[in-house]
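The values are calculated or read from the model by the stated rules, or taken from the named source; none is laboratory data. In this text, all values refer to a predicted model and were calculated from it rather than measured experimentally. Glycine gets a Cβ as well: all are built from the backbone with ideal geometry, and neighbour counts include every protein chain shown. SASA here: full protein model, heavy atoms, side chains in, ligands and nucleic acids out. Shrake-Rupley method; radii C 1.70, N 1.55, O 1.52, S 1.80 Å.
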Amino acid sequence: MMLSNFSVEQTLIKAKSHAKKGELEEAEKLYETILKNFSNNIRAKQGLAALIKPNQNNITQNPPQEVIDQLVALYNQGQITTVIKQAEVLTKQYSGAFLAWNILGASRAQIGMLDEAIEAYKKCISLKPDFAEVYSNMGVALKNQGKLDEAIDAYKKVISLKPDSASAYIDMGNALYHQGKLDETISAFKKAIFLNPKNANAYYNIGVVFNAKGKLNEAIDSYKKSVLLNPNYAEAYSNMGVALHEKGMLDEALEIFKKSISLNPDNAIAYNNMGATLKDLGKYEKAIEAYKRCIVLKPNYADAYNNLGVVLQDHDKLGKAIEAYKKSILLKPNYAEAHHNLSFALLNCGKLKEGLNEMEWRWKTKKYISKIRYFPKPMWDGKESLIGKKILLWCEQGIGDAINWSSCLPLLSSKADFCVFECQKKIVPLLKRSFPNIEIKPENRDLDIERNDFDFHLPMGSLYKNFLNEIKQNFKLDAYLVPDPVRVNFWKERLNSLGKGPYIGIGWKSSNMSQNRLQNYASINEWYPLLTIPDVTFINLQYKDFNDDLNEIKNKYGVNVHNFDDLDHYDNIDDVAALCAALDIVVSTKITINYISAGVGTPTMLANWKQSCWNNFLSNPRSLSAKIFERDTWEPWENTFVQISKEIFKYKNKNINNFNGTKI
């Protein structure tokens, strides 16, 4: 390019302007263009030299503010690569340019160059140790690396430099939260709120922590304060809905989710949360619509497919539920909860081998991770010979499952020379008497990692997997539990003292009545077709929270359900089994008592939710004396109890002269 004297002057002005803005390559090109045409141009030589060798007066100075402002503008526009390039040049030209180092660190962090970002932040700190902003930025980078202790130290440094920095307390609280230090997290957020009472984000964050601690009222109050300060805070509404749902306030939760979605119609998480609430409200079609909308907004959302599978299963659409679970697993192959849910769906539709294999994923779910035991000896694979070997069977779930699955103990002991079963202490006496050829002992996990007193071990829930063919061939068993005969006679005499039989024991709810389990249990009001049967004597088999229900039965129906105050229904399982054996009939929902009564051979009528994940080969009682009466999701419990009542009338007519001890 040929330049005239006039155009040289213009080019020099442009080059100088680029240099001031930190656009050094552009400036360099213009100076070199001038020198190609006018090799002795002193101003071009000086300008070019200044780009390569900065003036000594600039060594400890930052670049001109307009250059920094330009970098910040480019950063905010998302031109990260350009910012990095120019910042790197500036840090060479101005060795004291701490602001350029901070911008360089932030830009590197934006594209995942966290190690390089932290190095830039450290260089900035070496130049200006009292620069609070860079400690804050470094804390974020360290947190993203999982270096939480170092991140917290960085935030503490911010606070030491700026004690009134509410944002630093919020950042530190978030890091503490990820460490699981919830009380310290709350303290940090409370300090942030004290410093800035109008910070909606601080109230939102503390609400999240309260929710994690199960303090639902405090969480809801915090979310309410958050949206009061920021009425458009869609995420706060969504989280408030979750807390309301967990508290059982389903209608209120649904309205809050609708509010969240009205503020952010593209919020897939809110649709996912709303789907769960609609499911628990029994609005299955609308729940399915919510999950499908969630998936449209977020097609790779594995959680939504898993949740969709649950509601489809509850709505008796097993085939579609299995498809949803498999799609979830396709998106997230190691998604243990989806595998676990799939196992129940497969079992419920009779695909037993596949279902039991998927059930092994339970050990990777959050629910089971604390239940697993670690031994130096291997787990039995169901194939290796146990001849001459000792095997330890250990209990992994509640006493209901332990009692039901204990029916398989003879299958295991027949394979091994010696079998030990460790279980909850309160069922040891009953199982010792029932299985004299097996060593039954209370569970003790203290020395698991050092134990060398067996050859193989097996968690109890894997018994069905390893003995599938044998159990399928002989699923219904005669009574396999042996109660204390002396106590059975004692309870028969106690029952006779109450009046005429038949004597019917009832149990209607679990100790865990969480929202997602409620469909398995009928309220005491829904038992009225049974409770109004004339000329029977009812016996309470609930072990807790039954007094209000018993009073309601008496006040509403004039029926006295007898409770033996001297019987510890919770801990004295051996005596509960004896009482069950003395009764003529037991009626219950899916709770522990049905396994005990069926196991001792008492006619047991089980009011069961048909679509329940527990209504399958693995979870139903094995005893011949158990009879299941099913309710579909969309039906009231009334029909089920009408059917049970008809069965009891048949029993009364058949055994009118021979109650208390006669089994059918």
Query raised in the report: Where only protein heavy atoms count, and the probe is 1.4 Å, what is the accessible area per residue for region 259-417 in Å²?
Result: 45
Report summary line: Per the 1/(1 + (r/R0)^6) rule, R0 = 35 Å and r from the Cβ atoms of Asp535 and Asn444, FRET efficiency to 0.05 is 0.10
Report summary line: Placing +1 on each Lys and Arg Cβ and -1 on each Asp and Glu Cβ in region 83-234, then taking the dipole about the Cα centre, the residue among Val209, Asn196, Gly139 whose Cα reaches farthest towards the positive end is Asn196
Query raised in the report: Cysteines of the chain lacking any other cysteine beta carbon under 4.7 Å?
Result: Cys124, Cys294, Cys349, Cys408, Cys419, Cys580, Cys613
Query - Size of charge dipole - the chain - debye, nearest 20, with Cβ of Lys, Arg +1 and Asp, Glu -1, no other charges - result: 900
Report task. Measure nothing fancy, just the Cα-based angle from helix 485-496's long axis to the longest principal axis of the chain, in degrees from 0 to 90, nearest 10. Result -> 80
Query raised in the report: Roughly how many nanometres apart are two label points built 7 Å out from the Cα toward the Cβ at Asn264 and Glu635?
Result: 4.3
Report task. Could you tell me what percent of the accessible area of region 445-587 is made up of carbon and sulfur, with a 1.4 Å probe and every protein chain present? Result -> 44
Query - Candidate residues Lys85, Lys383: accessible-area rank, largest first, probe 1.4 Å - result: Lys383, Lys85
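Could you give the length gained on full extension between Ser511 and Lys351, defined as 0.36 nm per residue of separation minus the Cα-Cα distance, in nm? Intermediate values should be presented prior to the final figure.
Numbers: separation 160, 0.36 × 160 = 57.60 nm, distance 3.05 nm.
Gain on stretching Ser511 to Lys351: 54.5 nm.
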Query raised in the report: Label-point separation (nm) for Glu252 and Lys472, each offset 7 Å from Cα along Cα-to-Cβ?
Result: 5.0
Report task. Within the set of other residues whose C-beta is less than 12 Å from the C-beta of Asn572, count the net charge using Lys and Arg as +1 and Asp and Glu as -1. Result -> -3
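State the extension gain, in nm to one decimal, for the chain segment bounded by Asn547 and Lys156, taking 0.36 nm per residue of separation less the distance between their alpha-carbons.
135.4 nm
Per-residue counts of other Cβ atoms within 10 Å, averaged by peptide: what ranking do you get for 485-498, 257-270, 90-103, highest first?
In descending order of packing, they fall as 90-103, 257-270, 485-498.
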Requested in this report: Whenever you get a sec, compute what percent of the accessible area on region 268-381 sits on carbon and sulfur atoms (1.4 Å probe).
Outcome: 54
**Report entry** Distance from region 628-652 to region 234-264 (C-alpha centre basis), Å
**Finding:** 37
Query raised in the report: What ranking of Val72, Val420 comes out by heavy-atom accessible area, probe 1.4 Å, highest first?
Result: Val72, Val420
Report summary line: With the 1.4 Å probe rolled over protein heavy atoms, region 92-169 has an accessible area per residue in Å² of 46
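How many percent of the accessible area of region 84-133 is carbon or sulfur, using a 1.4 Å probe?
52
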Report task. May I ask for the net charge around Leu331, where only other residues with Cβ less than 14 Å from the Cβ of Leu331 are counted and Lys, Arg are +1 while Asp, Glu are -1? Result -> +1
Report task. Normalising by the residue count of region 251-323, find the relative contact order in percent from Cα pairs under 8 Å and 6+ residues apart. Result -> 24
Query raised in the report: Along the charge dipole of the chain, which of Asn306, Thr81, Trp637 sits closest to the positive end, that is, farthest toward it, with unit charges on the beta carbon of Lys, Arg, Asp and Glu (+1, +1, -1, -1)?
Result: Thr81
Query raised in the report: Using a 1.4 Å probe, how large is the accessible area of Lys45, given in Å² and rounded to the nearest 10?
Result: 100
Query raised in the report: So what's the angle, to the nearest 10 degrees on a 0 to 90 scale, between helix 336-348 and the longest Cα principal axis of the chain?
Result: 30
**Report entry** Separation between Cα centres of region 458-526 and region 411-446, rounded to whole Å
**Finding:** 19
Report summary line: About its Cα centre, region 486-601 carries a charge dipole, from +1 on Lys and Arg Cβ atoms and -1 on Asp and Glu Cβ atoms, whose size in debye to the nearest 20 is 280
**Report entry** Kirkwood hydrodynamic radius (C-alpha pairs) into Stokes-Einstein, region 120-262, 25 °C and 0.890 mPa s, D in µm²/s
**Finding:** 154
**Report entry** Rough spin-label spacing in nm, given labels placed 7 Å along Cα→Cβ, for Ala73 and Asn232
**Finding:** 2.6
Requested in this report: Run the dipole for region 296-343 about the Cα centre, Lys and Arg Cβ at +1, Asp and Glu Cβ at -1, nothing else charged, and hand back the magnitude in debye, nearest 20.
Outcome: 180
Query raised in the report: Relative to the compact globular guide of 2.2 N^0.38 Å, what is the alpha carbon radius of gyration of region 221-299, as a ratio?
Result: 1.02
Query raised in the report: Can you give the extra length, in nm with one decimal, that the chain gains between Asn555 and Ser126 once fully stretched, where that is 0.36 nm per residue apart less the Cα-Cα distance?
Result: 146.5 nm
Query - Computed [θ] at 222 nm, helices only, for the chain once each DSSP H run of length n ≥ 4 contributes -39500 (n - 2.57) - result: -17000 deg cm²/dmol
Requested in this report: With log10 I(q)/I(0) by the Debye sum over Cα atoms at q = 0.06, 0.09, 0.10 Å⁻¹ defined as stated, name the option among [x] -0.66, -0.96, -1.07; [y] -0.53, -0.93, -1.06; [z] -0.31, -0.72, -0.90 computed from the structure displayed.
Outcome: [y]
Query raised in the report: Would you list Lys500, Lys128 from the most to the least accessible area, probe 1.4 Å?
Result: Lys500, Lys128
Report task. Output the relative contact order of the chain, whole-number percent, from Cα pairs under 8 angstrom with separation of 6+ residues. Result -> 7
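Cβ under 12 Å from Asn620's Cβ, Asn620 left aside: what net charge do those residues give with Lys, Arg +1 and Asp, Glu -1? Each step should come with its number before you reach the end.
Numbers: positive: Lys476, Lys590, Lys610, Arg622, Lys627; negative: Asp401, Glu630.
For residues surrounding Asn620, the net value is +3.
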Query - Average accessible area per residue (Å²) across region 544-664 - probe 1.4 Å, nucleic acids and ligands excluded - result: 40
Report summary line: Violations at 22 Å Cα threshold for listed pairs Lys279/Lys327; Lys390/Lys441; Lys351/Lys509; Lys279/Lys326; Lys371/Lys465 -> Lys351/Lys509
